[in-house]
Amino acid sequence: MPARHLLSVPPRPALARAWRLSAILVLGFASGLPLALTGQAMQAWLTVDGVDLATIGFFGLVGVPYTFKFLWAPLMDRFEPPWLGRRRGWLALTQLALAVLLWWMASLSPTATPGLFAAAAVAIAFLSASQDVVVDAYRTDLLPEAERGLGASVHVFAYRLAMILSGGIALIWAGQWASWPRVYETMALIMAACAVVSLLALPRVSAALKPLASDPRRELLGFAAMLAGVAAGYWIARQALILIGLDPNDANRWIQLLFVMAEIALALPLAGWAARRAGFETLNRSLSSYFAQQGAAAFLALIILYKLGDAFAGSLTTPFLIKGMGFSQEEVGIANKVIGIWLTILGAFIGGLIMTRLALYRSLLLFGVLQLVSNFGFYLLAELGKGAWGAVMVPAFDWGFVALDAPAALDGLLLTVIAGENISGGMGTVAFVALLMGLCNQRFTATHYAMLSAFAAVGRIYVSPLSGVLSQSIGWPAFFIFSIVVAVPGVVMVWWLRDALARLGRPQTDGAVDD
């Protein structure tokens, strides 16, 4: 065979696999970029602007869309934007909209216009959650079963790499530029670049299976009824608490927290009831498909509990390190968000390797115990304080986009705590992603994965206001002991479901899925 032909025809299976994993890499990065911008990076912006700790905790509720995303995920399973296909079309639309909103948020002030600032953050979280719906569905549809462990590692790697940028390097830039708005403008441009890649370079998945056939008008009416149920639940819960004599404007943070939790707790079941009554067929059939499998409710409980201890420990890490421990933004950016997230990536790769030898059940159990133990490091830091274990020198570096002009001394205990937390967290995340993919039926991938990952986000989102109030009330050391205690049920749940996890194999499928 001529040499020219050998060079022009690479091995197709290897090429296709590389293209698939490259797509997962790009989309994992795009998925991870907005999270810190409504989470840890935003908390740093609020902290340096002088917002109090309890209010910062309540700002964590801007991430509520992450826990409700399965309610609109059916529309992304049912409707197909023109020209690009069901998955790639929604990816391009959400990423372009995110770029626009990040640019708008950069023009706002958290102290001068707190209402608009919070509204922008909620809108970004909504679009980010919507992007996650499509990214998760696309990844599950695209990867064959044999590549899912590796694909999960690649996704976690890219996701955490994006968080190094938006959650770590962003803090360094904010300190060097003395401008959080400039940081958010930069992130908007990066998200726009991700949208261009989604438009031009992602591989398609098979079009053999079309979206669920249903009446589009009935689907939209069902979605509208669901939104009406959310509004009704919010209003009924609020009025019920007012009728018993509570004031939503009370200065007591515990009463404010009660209003928020009651409103959310009633909104979700009323939304589900309204969707069923109005005939929101894609949602109803996809949820029925999930709950038809054995142990469905128990798996949801496991998903909520498995990362709950991590959620408590990590919900206010940035304010804890900056305001509670007295570290600078640059120190937190380098230690917690750059070094820490690289360690998370290392943990993800170690976890992926371990999962090639250990079954899903044993991996979840081992990694869950390690996550629990790692929370003890934050307790030590809160008790012993800054400087207890001396300093570690970090050499100067210049990466072009971010630089450290001279060697820096970073707290030894801080780096030890960050190492334990992030390596164990990365290992746990890989097993967790593999669990979620294994529970999906591919005909309803977007809705199933959205629902499962929404339950996974319950801890991360809803513990934030509780964490703010609790840490102010009992102090940081007791707060971190509490985070260890709430991690125990997740480990117990893994052990209790050991037989079901051992049986969990290839997800149900009705054939190929469409783009």
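Things to note:
- Of all residues in the stretch 434-448 being assigned to a helix (DSSP H, G or I) and open to solvent by 10 Å² or more (accessible area, probe 1.4 Å), the one that is modelled with the highest pLDDT: 434
- In the stretch 261-277, residue surrounded by the most Cβ atoms within 10 Å (Cβ to Cβ) [restricted to those that are closer than 22 Å to residue 473 by Cβ and in contact (Cβ under 8 Å) with a residue 60 or more places away in the chain]: 264
- Residues located in the stretch 109-131, provided they are in a helix (DSSP H, G or I) and of a type in the set (Val, Ile, Thr): 122, 124
- The one condition from (1) among the hydrophobic types (A, V, I, L, M, F, W, C); (2) part of a loop (DSSP other than H, G, I, E, B); (3) open to solvent by 60 Å² or more (accessible area, probe 1.4 Å); (4) modelled with pLDDT of 80 or more that residue 235 does not meet is (2).
- Failed criterion for residue 22 (all others in (1) open to solvent by 30 Å² or more (accessible area, probe 1.4 Å); (2) assigned to a helix (DSSP H, G or I); (3) modelled with pLDDT under 80 hold): (3)
- Checklist (1) surrounded by 17 or more Cβ atoms within 10 Å (Cβ to Cβ); (2) over 16 Å from residue 154 (Cβ atoms) applied to residue 32, failing item: (2)
- Filtering the stretch 65-122 to residues that are at pLDDT below 75, over 29 Å from residue 304 (Cα atoms) and open to solvent by 20 Å² or more (accessible area, probe 1.4 Å) leaves 79, 80, 82, 83, 84.
- Residue 358 vs. criteria under 19 Å from the mean Cα position of the chain (by Cα), over 30 Å from residue 227 (Cβ atoms), open to solvent by 40 Å² or more (accessible area, probe 1.4 Å) and aliphatic (A, V, I, L, M): no
- The residues of the stretch 283-325 that are among the hydrophobic types (A, V, I, L, M, F, W, C) and not in a helix (DSSP H, G or I), listed by number, are 292, 316, 325.
- Residue satisfying all of: in the stretch 261-286; out of contact with any Pro (no Cβ under 9 Å at 6 or more places or on another chain) and more than 16 Å from residue 221 (Cα to Cα); modelled with the lowest pLDDT among these: 268
- Any hit, the stretch 132-148, residues being out of contact with any Leu (no Cβ under 7 Å at 6 or more places or on another chain), assigned to a loop (DSSP other than H, G, I, E, B), surrounded by fewer than 18 Cβ atoms within 10 Å (Cβ to Cβ) and free of Cβ contacts under 8 Å to residues at least 12 places away in the same chain: yes
- The conditions of being more than 29 Å from residue 284 (Cβ to Cβ), at pLDDT 75 or above, open to solvent by less than 40 Å² (accessible area, probe 1.4 Å) and not basic (Lys, Arg) are not met by residue 127.
- Residues that are open to solvent by less than 10 Å² (accessible area, probe 1.4 Å), more than 21 Å from residue 482 (Cβ to Cβ) and of a type outside the set (A, V, I, L, M, F, W, C) within the stretch 295-333 comprise just one, 333.
Every residue, every condition in (1) outside any helix (DSSP H, G or I); (2) in contact (Cβ under 8 Å) with a residue 40 or more places away in the chain, yes or no:
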{"position": "28", "(1), (2)": "no, yes"}
{"position": "35", "(1), (2)": "no, yes"}
{"position": "46", "(1), (2)": "no, yes"}
{"position": "50", "(1), (2)": "yes, yes"}
{"position": "57", "(1), (2)": "no, yes"}
{"position": "88", "(1), (2)": "no, yes"}
{"position": "93", "(1), (2)": "no, no"}
{"position": "104", "(1), (2)": "no, no"}
{"position": "107", "(1), (2)": "yes, yes"}
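- Within the stretch 215-232, the set of residues being open to solvent by 50 Å² or more (accessible area, probe 1.4 Å) and in contact with a helix residue (DSSP H, G or I) (Cβ under 7 Å, 6 or more places away or on another chain) comprises 218, 221, 228.
Residue-by-condition table, conditions (1) over 30 Å from residue 386 (Cα atoms); (2) at pLDDT below 80; (3) among the aliphatic types (A, V, I, L, M):
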{"position": "465", "(1), (2), (3)": "no, yes, no"}
{"position": "472", "(1), (2), (3)": "no, yes, no"}
{"position": "475", "(1), (2), (3)": "no, no, no"}
{"position": "481", "(1), (2), (3)": "no, no, yes"}
{"position": "501", "(1), (2), (3)": "yes, no, yes"}
{"position": "515", "(1), (2), (3)": "yes, yes, no"}
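- Scanning the stretch 326-360 for residues that are charged (D, E, K, R) and assigned to a helix (DSSP H, G or I) yields 330, 331, 337.
- Residues of the stretch 250-260 that turn out to be touching a residue at least 40 places away in the same chain (Cβ under 8 Å) and touching a Leu at 6+ places or on another chain (Cβ under 8 Å), as a count: 2
The values are calculated or read from the model by the stated rules, or taken from the named source; none is laboratory data. This structure is a prediction, so every number in the text was calculated from the model and none was measured. Backbone-built Cβ (ideal geometry, glycine too); neighbour counts: all protein chains shown. Note: accessible area is taken over every heavy atom of the protein model, side chains too, but ligands, DNA and RNA are not part of it. Shrake-Rupley method; radii C 1.70, N 1.55, O 1.52, S 1.80 Å.
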